[in-house]
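Since the structure comes first, as structure tokens, the remarks are kept for the end.
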Amino acid sequence: MYAQEIKSTGKQVQSLEEMSPEDRAFQKRIDADIKIEPKEWMPEGYRKTLIRQISQHAHSEIVGQLPEGNWITRAPTLERKAILIAKVQDEAGHGLYLYCAAETLGVSRDQMTEQLLSGKAKYSSIFNYPTLTWADIGAIGWLVDGAAIMNQVPLQRCSFGPYSRAMIRVCKEESFHQRQGYDIMMKLCEGTPEQKAMAQDAINRWWWPSLMMFGPSDTESVHSAQSMAWKIKQDTNDELRQKFVDQTAPQAEYLDLQVPDPDLKWNEEKGGYDFGEVDWAEFFQVISGNGPCNKERMAARNKAWSDGAWFRDGLMAHAKKKETRKLSAN
Ligand code: FAQ
């Protein structure tokens, strides 16, 4: 697909004719679905876009451990505790694959960490909401992992090899996460009226933030047009949000839970649901650092970094000692 045919709104992208010869040759490879590997030439903008998206994705996985980690000690059964520990551990693994993929583009892990801890790099808005009850753990698995899969399945076809390959494994694990969340919701919905009410309260609080995960509307999305031309993104933010609503609304109906949107209605003609407007003012507040838990999340990550200083120092001292021994043996 040629750059000028991209239907997404947002910023204009250059046509093939307007590009430099290097950029044109690169775009032709993208259009021919040839994967780009780290050592190959790439436009600086492509590299920067990938570093931005992959590192923010990695940060989201790492910060995303915090809301669920909060419930590990309070999981209702030993089995639920073991499942939750495995899930939270998977998120750490996802963060690590993604940091490795970003490192192949010439940014270091330390630089990315510094960008997160200084507040320069974003992470997903969703992780700035609190987990108040056990039902929130069900809602995160069902809705948050559900939204993450919807966004990440197309990323498996991303034009950048290391990112696309990382996504294949991540998506497999996310689907286990989504099922465990839905399983928690099913148990609660089949339980006592209090448990059912907890499940309803959780969907009330998590529905709209989950829709925000897909990013601003297409008219506001700054990066979509260029990212789609480079086949980093395959779908627009609104297309994925629509798919998510179409997939999830019937699941809520099966649980006999009300989606907190009076405008949600099946539209036979379009073959999908109509739904209400996301509160974009809230979204922009959250991504500017003013969500309910932004400060708490950043404080936790900063504390983890400073608590780990002794370990990093120890590793460096050990590496130095080994290097000195090697040099004196030669
Ligand atoms: N939160 O022009 P666009 C997970 C920013 S993983 C915060 O549309 P783009 C697993 C965006 O960065 C969840 N910021 O941007 C899990 C940009 O700002 P910038 C994370 C957001 O990149 C489950 C500006 O707004 N997934 O949940 C958000 O083309 C459970 C303009 O936006 C990924 O990162 C947001 N929601 O599209 C873990 C997937 N949306 O950078 C633990 C990969 C937008 O110019 C527990 N990323 N922004 O300062 C993507 O697919 C894309 O980056 C989008 C945004 C779709 C998120």
Place a +1 charge on the Cβ of each Lys and Arg in the chain and a -1 charge on the Cβ of each Asp and Glu, then give the dipole magnitude about the Cα centre in debye, rounded to the nearest 20.
1860
Of all the accessible heavy-atom surface of the chain, with the other protein chains kept in place and a 1.4 Å probe, what percent is carbon and sulfur?
56
Scan the chain and report its longest stretch carrying no GluC sites (Glu not before Pro) that are both in a DSSP loop and have at most 12 other Cβ atoms within 10 Å.
41-189
What FRET efficiency do you get for Lys81 and Arg165 if R0 is 30 Å and r is their Cβ-Cβ distance, rounded to the nearest 0.05?
0.40
Please list 3J(HN,Hα) in residue order for segment 111-117, calculated via the Karplus relation 6.51 cos²θ - 1.76 cosθ + 1.60 where θ = phi - 60°; whole Hz, with x for glycine and proline.
4, 5, 4, 4, 5, 5, 5
Show me, for segment 194-210, the HN-Hα J-couplings you get by feeding each phi into the Karplus relation (A = 6.51, B = -1.76, C = 1.60, θ = phi - 60°), rounded to Hz, glycine and proline as x.
5, 5, 4, 5, 4, 5, 5, 4, 5, 5, 4, 8, 9, 4, 5, x, 5
Evaluate 2.2 N^0.38 Å with N set to the residue count of the chain, then give the Cα radius of gyration divided by it.
1.09
Give me, ordered by chain and number, the residues 5 or more places off Ile36 or on other chains with an amide H under 5 Å from its own placed amide H.
Phe160, Gly161
I'd like the distance separating the alpha-carbon centroids of segment 272-308 and segment 48-96, in whole Å.
15
Alpha-carbon radius of gyration plus Dmax, which is the widest Cα pair, for segment 124-241 in Å:
16.0, 51
Environment charge at Lys81 (Cβ cut-off 12 Å; Lys +1, Arg +1, Asp -1, Glu -1):
+1
Calculated from backbone phi, Karplus (6.51, -1.76, 1.60) coupling profile of segment 70-78 in Hz, x at Gly/Pro
4, 9, 4, 6, 10, 4, x, 9, 4
How long are the semi-axes of the ellipsoid equivalent to segment 70-188, from square roots of 5 times the Cα gyration tensor eigenvalues, in whole Å, largest first?
27, 17, 13
Find the relative contact order for segment 102-239 and round it to a whole percent, using C-alpha pairs within less than 8 Å whose residues are 6+ positions apart.
29
Taking the Cα centre as origin and putting +1 on Lys and Arg beta-carbons and -1 on Asp and Glu beta-carbons, what dipole magnitude results for segment 195-330, to the nearest 20 debye?
1740
Figure the gain on full extension for Glu269 and Cys100 (residue separation times 0.36 nm, minus the Cα-Cα span) and round it to one decimal in nm.
56.4 nm
Amide H within-cut-off set for Gly272, under 5 Å, with H built and near neighbours excluded:
Asn267
Go through Lys87/Lys231; Lys48/Lys231; Lys187/Lys265; Lys233/Lys295; Lys120/Lys231; Lys243/Lys270 and tell me which ones have a Cα-Cα distance over 19 Å in this structure.
Lys87/Lys231; Lys187/Lys265; Lys233/Lys295; Lys120/Lys231
Estimate the FRET efficiency between Asp246 and Ala281 by the formula 1/(1 + (r/R0)^6), using the beta-carbon distance for r and 30 Å for R0, to the nearest 0.05.
0.70
Using only helices, what value at 222 nm comes out for the chain when you add -39,500 (n - 2.57) per DSSP H run of length 4 or more and divide by the total residues, to the nearest 500 deg cm²/dmol?
-20000 deg cm²/dmol
Could you calculate the contour length gain from Glu296 to Lys320, that is, 0.36 nm times the residue separation minus the distance between their Cα atoms, to one decimal place in nm?
5.1 nm
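The values are calculated or read from the model by the stated rules, or taken from the named source; none is laboratory data. Remember, it's a predicted structure, so these values are computed and weren't measured experimentally. Neighbour counts are summed over all protein chains in view; Cβ atoms, including those assigned to glycine, are modelled from backbone coordinates with ideal geometry. Surface areas here come from the heavy atoms of the whole protein model, side chains and all, with no ligands, DNA or RNA. Shrake-Rupley method; radii C 1.70, N 1.55, O 1.52, S 1.80 Å.
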